[in-house]
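Structure first, then comments.
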Amino acid sequence: TDPDMEMTALVGNVTMAEGKVFPHLHATVADSTGNVFGGHLNRAVVSGTCEMVIQIINGTVDRVYDKEVALNVYKFD
């Protein structure tokens, strides 16, 4: 794959977990031949621009670990 990719979509949310920022992002990226790859975005380096829209909601949204489902689930205050 190309070292440089075009991000074609980015969706997700940013909450808090244990007092730390907790991003949960999904991205699709395309290489120069049109191949598309997708999955969780854990790290990215922007070489030119990154256009995104961020919507902020009022209130607090935390994540807490739920042993029953083995995931960090939303906790709304």
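Things worth noting here:
- In the set (1) without any contact (Cβ under 8 Å) to a residue 40 or more places away in the chain; (2) at negative phi; (3) exposed (fewer than 10 other Cβ atoms within 10 Å of the Cβ); (4) not aliphatic (A, V, I, L, M), GLY19 fails one condition alone, (2).
- Residue check, GLY34 within 13 Å of the chain's Cα centre (by Cα) and of a type in the set (Gly, Ala, Ser): no
- Enumeration of residues in the stretch 37-59 that are more than 19 Å from ASP4 (Cβ to Cβ) and within 18 Å of the chain's Cα centre (by Cα): HIS40, VAL53, ILE54, GLN55, ILE56, ILE57
- Scope the stretch 53-71; condition among the charged types (D, E, K, R) and surrounded by 10 or more Cβ atoms within 10 Å (Cβ to Cβ); matching residues: ASP62, ARG63, ASP66
- For the residues THR28, THR8, the requirement of being open to solvent by less than 60 Å² (accessible area, probe 1.4 Å), in a strand (DSSP E or B), among the polar types (S, T, N, Q) and farther than 15 Å from ASN72 by Cα singles out THR28.
- Residue match in the stretch 36-52 (condition: among the hydrophobic types (A, V, I, L, M, F, W, C), in contact (Cβ under 8 Å) with a residue 12 or more places away in the chain and open to solvent by 100 Å² or more (accessible area, probe 1.4 Å)): yes
The values are calculated or read from the model by the stated rules, or taken from the named source; none is laboratory data. The shown structure was predicted, so the numbers you read here are calculated from the model rather than taken from an experiment. Cβ sites come from the backbone with ideal geometry, for glycine too, and all protein chains shown count toward neighbours. What goes into the accessible areas is simple: the full protein's heavy atoms, side chains included, and nothing from ligands, DNA or RNA. Shrake-Rupley method; radii C 1.70, N 1.55, O 1.52, S 1.80 Å.
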